[in-house]
Amino acid sequence: MKKLAISGAAVVAVAAGAIFLMTRSASQTQTPAAQAPAAGAPMVAVSLPDNLSAQAELGKRGFDAVCAACHGENAAGKDGFGPPLIHKIYEPSHHGDMAFFLAAERGVQAHHWRFGNMPAQKGLTRADMVSIVSYVRELQRANGIN
C-alpha cells in the first residue's frame, strides 16, 4: 500500500513538472510584444483638442518638461512609468484640481495604479501648476472626461 502511494505521488509530481515546463516554454516562445506592451508605450489613445487656451499652452510646455517623463506625451500614460491622466479616475469629481497641486507639492502614495509612489516635483510654482492643470483638464474634456 505504501509503495502504491509513493508511486502515485511520483506520477503526480512528474505530470506537474511536465505541465510546468510545457507552459513555461510556450510563454518563452512568444514575442515580448505579445506578452505585454513595451515599457514606455502610451497606455491610452488621446484625442487632442482643436486648439488650447493660452493658459493650457503654457501648461503643455510645463507638462512636457516635468510630467511627460512619467505620465507620457499628452498625458496618455507610459507603461511601466506612470498612469494616464486622461482617464476617468482623474475626472474633476474624483480628483479635483487641488489633488494635482498636492501631488506635485507633496508626492502621492500609490493607490489607483501599480507604478509605485510619485515623488514631489521640486521647482514647480503655483502658477506652473495652474497652467499644467488647465492643460490636463482641456485634454480630458476633449476626450469626454468632464
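Side notes on the structure shown:
- The simple spin-label model puts a point 7 Å past each Cα toward its Cβ; for residue 57 and residue 113 those points are separated by 2.8 nm.
- When each of the peptides 54-61, 123-130 is scored by how many other beta carbons lie within 10 Å of its residues on average, the order from highest to lowest is 54-61, 123-130.
- Maximal additional length on extending the residue 89-residue 146 stretch stands at 19.4 nm, based on 0.36 nm per residue less the C-alpha distance.
- Using R0 = 22 Å, the C-beta based FRET efficiency linking residue 105 and residue 69 works out to 0.80.
- Compactness of the range 54-142, expressed as Rg and Dmax over alpha-carbon positions, Å: 11.7, 34
Only the coordinates and a few stated rules stand behind these numbers; no lab work does. Just so you know, these numbers come straight off a predicted model, no measurement behind them. Counting neighbours? That spans all protein chains shown, and the Cβs are built from the backbone with ideal geometry, glycine included.
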